[in-house]
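Here's the structure, in structure tokens; my notes come after.
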Amino acid sequence: MDLPLTPPIRIQPMEERSVSLKTTEKLLDAFLDDFHARTSAVQGGNTSVSVQLQKLKDALAQENSGRYK
């Protein structure tokens, strides 16, 4: 019998404010570093969340670089 699947962690926004793409990249990068530090100590953490956050960061970087070409 298969073990029940645990859904990924849900990230709920606590505050809403407008920020530039560059600032968003910096904030997301800092969050990713902190998230990796917290989750790597606990059995490798939740990789699906890390992967999705990294994809978001990469997409923002690509969008930001496209604006300045």
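Checked against (1) at pLDDT below 85; (2) of a type outside the set (Val, Ile, Thr); (3) part of a helix (DSSP H, G or I), Met1 passes all but a single condition, namely (3). For first residues located in the range 47-69 and within 27 Å of Thr6 (Cα to Cα) and at pLDDT 80 or above, partners that are of a type in the set (Val, Ile, Thr) and not in a loop (DSSP other than H, G, I, E, B) and lie 6+ apart or on another chain with Cβ distances below 9 Å form the pairs Lys57/Thr24. Go through the residues of the range 24-33 one by one and say whether even a single one is surrounded by 11 or more Cβ atoms within 10 Å (Cβ to Cβ), modelled with pLDDT of 80 or more and either β-branched (Val, Ile, Thr) or outside any helix (DSSP H, G or I) (or both). Looking through the range 24-33, at least one residue is surrounded by 11 or more Cβ atoms within 10 Å (Cβ to Cβ), modelled with pLDDT of 80 or more and either β-branched (Val, Ile, Thr) or outside any helix (DSSP H, G or I) (or both).
The values are calculated or read from the model by the stated rules, or taken from the named source; none is laboratory data. Since the structure is predicted, the reported quantities are computational estimates derived from the model, not experimental observations. Virtual Cβ from ideal backbone geometry, glycine too; neighbours counted across all protein chains shown.
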